[in-house]
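Report on one structure; see the data block that follows.
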Amino acid sequence: MDKIVRYMLEEDEGFGDVTSNALIDKDDVSVGQIFSKEDGILAGIDIAREIFESRDITVIFNLNDGTEISKGDLLIHVVGNTRDILLLERTVLNLLMRMSGVATAANHYVNLVKDYDVIVAGTRKTAPAIAKFDKYALAVGGADTHRFSLDDMVLIKDNHIIAVGTPLDALKKAQNNVSFSKKIEIEVETLEDAIQCVENKADIVMLDNMDPSEVKEVLNQLNKLGIRNNSLIEVSGGINHETICEFAEAGVDIISSGALTHSTRSLNFGLDLKRCDSL
């Protein structure tokens, strides 16, 4: 099982579940059922199943990741040692609720712009230590994951530019020093910098914290100069469910939003137990 999940379980257990150990016989057997308390998109069920099975808890039924769920839906049905089910309960629920919340938000954003030729992407603004779970949930919801880690691609941001000089200086230095196999993206904040970086064929130019009217002006100028197709154009900053369609209408290629992971609310799930005589 994944080392991060192992740590989550160890952190929650501490030196033992003193409540369950004091109240429940060690051979007691129960049925556990996780239900949804609201609507959304399910993500993380495969991980939940793996956690249960790591303690020899039998999974009788589970829905699939990506399933559209409603309040009251049964998500997973397990049978096993009562103490073990309770030991795993909070870790399983926390992951399922978090991942389903991210998947639900991603799916909502994707559906908002489904009539446009644009990619909705997440960012690296994920919860510490569980970035890969957040990224997986983004994909379940239909969004692009963007970078998983720093070695995925070159992404030149404002602090890199400050350290080097200008956006164009940073772009040219990266183009000279980086393998052809890595895409180069650069973040810009002005029309002039956007034009220079597109002229010099950055793979992706990110228009950072520009409003929709500024984005339209950049794209208009790139089209007039005949260089619009040199680079993919991404927008980021200030993207939410109220503004995303305005950016899509502007004609960008990618809309990235950190809010999908840093501000998303977990869905609400609960686990109910029923005692049974034996396995």
(message) Looking at the range 20-45 only, could you name the residues that are closer than 30 Å to residue 105 by Cα, in contact with a helix residue (DSSP H, G or I) (Cβ under 9 Å, 6 or more places away or on another chain) and not in a loop (DSSP other than H, G, I, E, B)?
(response) 32, 34, 36, 40, 41, 45
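Can you name the residue in the range 189-198 that is within 17 Å of residue 230 (Cβ to Cβ), in contact (Cβ under 8 Å) with a residue 12 or more places away in the chain and open to solvent by 50 Å² or more (accessible area, probe 1.4 Å) and, of all such residues, is nearest to the chain's Cα centre (by Cα)?
Here the residue is 191.
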(request) Being assigned to a strand (DSSP E or B) and among the hydroxyl-bearing types (Ser, Thr, Tyr) is the filter here, so list the residues in the range 236-265 that pass it. (result) 236, 256
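So that you can scan it fast, the table gives a plain yes or no per residue for (1) in contact with a Ser or Thr (Cβ under 8 Å, 6 or more places away or on another chain); (2) assigned to a loop (DSSP other than H, G, I, E, B):
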position: 210; (1), (2): no, yes
position: 219; (1), (2): no, no
position: 234; (1), (2): yes, no
position: 267; (1), (2): yes, yes
(request) Report, ordered by the first and then the second residue, all pairs with beta carbons closer than 6 Å, sequence separation of six or more or different chains, a first member in the range 99-110 that is open to solvent by 30 Å² or more (accessible area, probe 1.4 Å), and a second member that is modelled with pLDDT of 95 or more and outside any helix (DSSP H, G or I). (result) 104/40; 104/41; 107/41; 107/141; 107/142; 110/120; 110/142; 110/143
(request) Among the candidates 183, 216, 224, 201, single out the residue that is out of contact with any helix residue (DSSP H, G or I) (no Cβ under 9 Å at 6 or more places or on another chain), touching a residue at least 12 places away in the same chain (Cβ under 8 Å) and open to solvent by 60 Å² or more (accessible area, probe 1.4 Å). (result) 183
(message) If I filter the range 176-190 down to residues being out of contact with any Leu (no Cβ under 9 Å at 6 or more places or on another chain) and either aliphatic (A, V, I, L, M) or in a helix (DSSP H, G or I) (or both), which single residue comes out as nearest to residue 258 (Cα to Cα)?
(response) 178
(message) Looking only at residues that are over 14 Å from residue 81 (Cβ atoms) and assigned to a loop (DSSP other than H, G, I, E, B) in the range 48-69, which one is most open to solvent (accessible area, probe 1.4 Å)?
(response) 64
(request) Would you kindly identify the helices (runs of 4 or more DSSP H) lying entirely within the range 74-175 that contain at least 1 residues that are more than 30 Å from residue 24 (Cα to Cα) and polar (S, T, N, Q)? (result) 82-112, 158-164
(request) Inspect all residues belonging to the range 141-160 and state whether any of them is hydroxyl-bearing (Ser, Thr, Tyr), within 16 Å of the chain's Cα centre (by Cα) and surrounded by fewer than 16 Cβ atoms within 10 Å (Cβ to Cβ). (result) yes
(request) Evaluate the range 168-177: report whether one residue or more is of a type in the set (A, V, I, L, M), open to solvent by less than 50 Å² (accessible area, probe 1.4 Å), under 21 Å from residue 117 (Cα atoms) and in contact (Cβ under 8 Å) with a residue 24 or more places away in the chain. (result) no
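The values are calculated or read from the model by the stated rules, or taken from the named source; none is laboratory data. On a predicted model such as this, the values are computed, not experimentally measured, just so you know. We place every Cβ from the backbone using ideal geometry, glycine too, and count neighbours over all the protein chains shown. Keep in mind that these areas ignore ligands, DNA and RNA; they rest on the heavy atoms of the full protein, side chains included. Shrake-Rupley method; radii C 1.70, N 1.55, O 1.52, S 1.80 Å.
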